[in-house]
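The values are calculated or read from the model by the stated rules, or taken from the named source; none is laboratory data. Since we're looking at a predicted model, the values are computed, not measured. Glycine also receives a Cβ, built like all others from the backbone with ideal geometry; neighbour counts cover every protein chain displayed.
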C-alpha cells in the first residue's frame, strides 16, 4: 500500500463502509451522504470564493473605467486594480484555485470508486470497522453503480449547467465550469455510475449552498429604513 492509498484511499474505504452500515448496505445512498459531507466540509472556502466573485462582479464597471483611463499605462492600471482588490479584501485567484481543488477531489474519487467497485474492501478496513452483511450496488433498484449510466450523466450535466448559470463566476472560470459537465456527459461510458452519482450529490448541495449564500448577501445589502422622528 503506497502513501497515497494509505492517507487517502484507506480512510475513504473505512468512511464509506461506516456510511454503508448506516444505510443498511445501500451504497448509492452512502455515496450521496459522502458527497454532502465533503461539500459541507469545504463550505467556508466556497463561501469566501463566491463572496469574492460577487464583489468582483460589482466592481467590474469601476475596473473597466480604470483600464480605459490607463489604456496607455497598463502597469499603472493593474496597480490601481490591485489596490481596489486590497481595499475590498478580495483574492482574485481564490475562486480559480477552488475550481481546481474541486477537480482534484473529483479525480481522486474517480480513481477511488473505480477501485472500490472491484476490490475487496476488507483489505483496507481498520480493525474497528466492519462491512455491512451485503452491499447493494443497485441504486433505486435499477441503476447498476458498477456500470455507466446515460440517465445519471444527463442529470449531472443539467444540474451542473444550472449551477453555472446561478453562480457569479465569469470569463474563463465560467467557461470551465460550463464545459466540465458536458465533457463528462460526452465520455460518460468511461465513468461508472457511482462516480456520476457522487457528482450529482455534490452538485445538489452546491446549489443549496449557492442559494443560501445569495440569501445572506441580500440580507447584508438591505439597509433598514429609518423612520423620521416627528
If you check residue 95 against the conditions, is it at pLDDT 80 or above and part of a helix (DSSP H, G or I)? no
Residue in segment 72-91 that is farther than 30 Å from residue 130 by Cα, within 20 Å of the chain's Cα centre (by Cα), modelled with pLDDT under 75 and assigned to a helix (DSSP H, G or I) present: no
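Here is a yes/no grid of residues against (1) in contact with a strand residue (DSSP E or B) (Cβ under 9 Å, 6 or more places away or on another chain); (2) in contact (Cβ under 8 Å) with a residue 60 or more places away in the chain; (3) over 26 Å from residue 82 (Cα atoms); (4) surrounded by 15 or more Cβ atoms within 10 Å (Cβ to Cβ):
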| residue | (1), (2), (3), (4) |
| --- | --- |
| 2 | no, no, yes, no |
| 9 | no, yes, yes, yes |
| 13 | no, yes, yes, yes |
| 41 | no, no, yes, no |
| 67 | no, no, no, no |
Just the residues that are out of contact with any strand residue (DSSP E or B) (no Cβ under 8 Å at 6 or more places or on another chain) and modelled with pLDDT of 90 or more, please, taken from segment 141-155. 142, 143, 146, 147, 148, 150, 153, 154, 155
Within segment 22-32, restricting attention to residues that are crowded, with 16+ Cβ neighbours inside 10 Å and assigned to a helix (DSSP H, G or I), which residue is farthest from the chain's Cα centre (by Cα)? 27
Cβ contacts < 6 Å: first residue in contact (Cβ under 8 Å) with a residue 40 or more places away in the chain, restricted to segment 132-161; second residue part of a helix (DSSP H, G or I) and surrounded by fewer than 14 Cβ atoms within 10 Å (Cβ to Cβ), any location; separation 6+ or different chain. Result? 148/189
Filter result for residue 59 (out of contact with any strand residue (DSSP E or B) (no Cβ under 7 Å at 6 or more places or on another chain), touching a residue at least 60 places away in the same chain (Cβ under 8 Å) and surrounded by 13 or more Cβ atoms within 10 Å (Cβ to Cβ)): no
